[in-house]
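Presented below is the structure to which this report refers.
All of the numbers you see were taken from the coordinates with simple rules; none came from a lab. Since the structure is predicted, the reported quantities are computational estimates derived from the model, not experimental observations. Note that we place each Cβ from the backbone using ideal geometry, even for glycine, and neighbour counts take in every protein chain shown.
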Amino acid sequence: MVAIVMALAYVGRDRWLTRRTFALLGVVPTAFVLLTLVNPGDVMIVDPKLIPAQGVLAFEHEFPPLFGVYLAWLYGAVLVAILILAWGTLTDRVPTVPGLVGVLALLLPLVVAVLKTVGVYPPGGDGINVSPAASAIGISVFAFAIVRYRVFELVPVGRDRAVEVMADGYLFVGPNETVRDANPTGAELLVGDASARLRGSSVNEVVPVYDDLTGTDSVDLEIAGRIVEVSRSEVTRQNWAAGEVLLLHDVTEQRRQLRELERTNERLDEFAGIVSHDLRNPLNVAKGTLSLERDANDSERLATASQALDRMEILIDDVLTLARQGQPISDPEPTTLSSVVNECWEVVDTHNATLTVESDLTLEAHRDRLQQLLENLVRNAIEHGGSDVAIRVGALPEADGFYVADNGPGIPDDERDDAFESGYSTVESGTGFGLERVKEIADAHGWTIRVTDRSA
């Protein structure tokens, strides 16, 4: 019993050591011990006597059939423990050296006991039972292996427990492509039953995409309405391939969200196209017609209408930016900052503002989106700094990047964290989208943006 319990714990199968297991393993030895002590009708010991042997008294008795049954059970239990340790060593549950030491520690008393049973004794020790001494040596060797190789230290025990309860599936595959170990999550993902026994199954049967796994790349497995991402890594021991570990991750929800996001982006692209074409065209016609009318007969009403159209154009730009929000820049190209700034200055109503470009920096950027970013910064500077604000654009001296500065009132220190939030504005007529649009475009390029004072 003790040998089996130690062997199970030795190979990391202590979860099998339940009260039921202890009860089943303890029934036979308990019964035989009681029978030996009481020995009713000489069922265990026949004709016991003490005889001199090599200067000591030896206990000798005949073996009735029931005692033979007990010995068979005892030897069988030790043999089972040896097989458990051998299995643990072959399947890499325990390292090779401590596994072999454990096997030898159990094999020694078993061999000695069998030899004694058949009447073979060590030289000069006829009639002396050396099984107790062999058992003591075996236990000592076993204890040495436990201490020397730290078989029961907390790290591997904790690791085994983590594998059992982790949310991802785990399979250990031997060199012959047979599943040697699996955790409950792996069984649940592959066959729909966490308690299913996968050990001994062909990995190609339980993981149909196994042959598609190459290197460190993962492969999606569609099974029972789920999408499981499968990856593998090789396990080597002493410079030879001991097997592979397969990790299974349920990505069903992530893939569903990704498909939904792709559909949403497609709809947003369609919407952006409608806004850009179907709304801008009539707006441009209205602005052109109004401009001609103001040249011929300017009035306060026409000026109000012109302001409303300008406001509508800003709102259209805001809607386009929101529709493209979060979309990364996939096709940047070398772009000269000064040329984009000058184009931006031509299309924005700058009133009496002045512009100074202090650098001819070249950036990797999407030209249209960069112009959109600069237009928003220029409009924001004029809106908050006044019609005669002075704007400067140049390269950052300490890092790759550029700045847009003005001599306006700036943003208070306690509001700078909110400046890029939707709806933030320091004037009543502001939409609160301008700086948010700037940050979205910067994020799409992989850039960072911050607000500083003039001296920073």
### Task
Mind grabbing the base-10 log of I(q)/I(0) for the range 248-350 at q = 0.12, 0.14, 0.15 Å⁻¹? Debye formula, identical points on the C-alpha positions, no solvent, two decimal places.
-0.64, -0.79, -0.86
### Summary
In whole percents, the bins of 10 Å from zero upward hold the Cα-Cα pairs of the range 166-250 as 19, 56, 23, 2, 0
### Query
Which values of log₁₀ I(q)/I(0), to two decimal places, follow from the Debye formula for the range 331-456 at q = 0.14, 0.17, 0.18 Å⁻¹ with a uniform point scatterer at every Cα?
-0.58, -0.89, -1.02
### Task
Starting from the Kirkwood radius over alpha-carbon pairs of the range 195-298, derive D by Stokes-Einstein at 10 °C in a medium of 1.306 mPa s and give it in µm² s⁻¹.
82 µm²/s
### Task
Would you please give the residues with an amide H less than 5 Å from that of A182, counting only those at least 5 places away or on a separate chain, with H modeled from the backbone geometry?
F172
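Mind sorting F22, F142 by how few other Cβ atoms lie within 10 Å of their own Cβ, fewest first?
Values: F22 12, F142 23.
Exposure proxy ranking, most exposed first: F22, F142.
Determine the gain in length on full extension of the stretch V2-L24; use 0.36 nm per residue of separation and subtract their C-alpha separation, reporting nm with one decimal.
Working: separation 22, 0.36 × 22 = 7.92 nm, distance 1.25 nm.
In short, 6.7 nm is gained.
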### Message
Along the Cα→Cβ direction, 7 angstrom out, place labels at L17 and F271. What is the inter-label distance in nm?
### Response
6.2 nm
#### Entry: Two-site label geometry, V347 and D298: point separation in nm, points 7 Å out along Cα→Cβ
2.5 nm
### Förster radius 25 Å - calculated FRET efficiency between L396 and T336 (Cβ-Cβ, nearest 0.05)
0.95
### Query
Once fully extended, how much extra length lies between A9 and A162, figured as 0.36 nm per residue of separation less the alpha-carbon to alpha-carbon distance?
53.4 nm
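Sorted from fewest to most neighbouring beta carbons within 10 Å, what does the list H249, H351 look like? Kindly include the intermediate steps, with their values, before the conclusion.
Numbers: H249 16, H351 10.
Arranged by neighbour count, lowest to highest, H249, H351 become H351, H249.
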### Task
Pop a pseudo-label 7 angstrom from the Cα along the beta-carbon direction at both V209 and D414 and give the gap in nm to one decimal.
5.5 nm
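Would you mind ranking L108, L370 by Cβ crowding within 10 Å, fewest neighbours first? Don't jump to the answer; show the numbers that get you there.
Working: L108 17, L370 23.
With the fewest neighbours first, L108, L370 line up as L108, L370.
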### Summary
Spelling it out for A242: with amide H atoms placed in the peptide plane at 1.01 Å from N, the residues 5 or more places away or on another chain with amide H under 5 Å from its amide H are V235, T236, R237
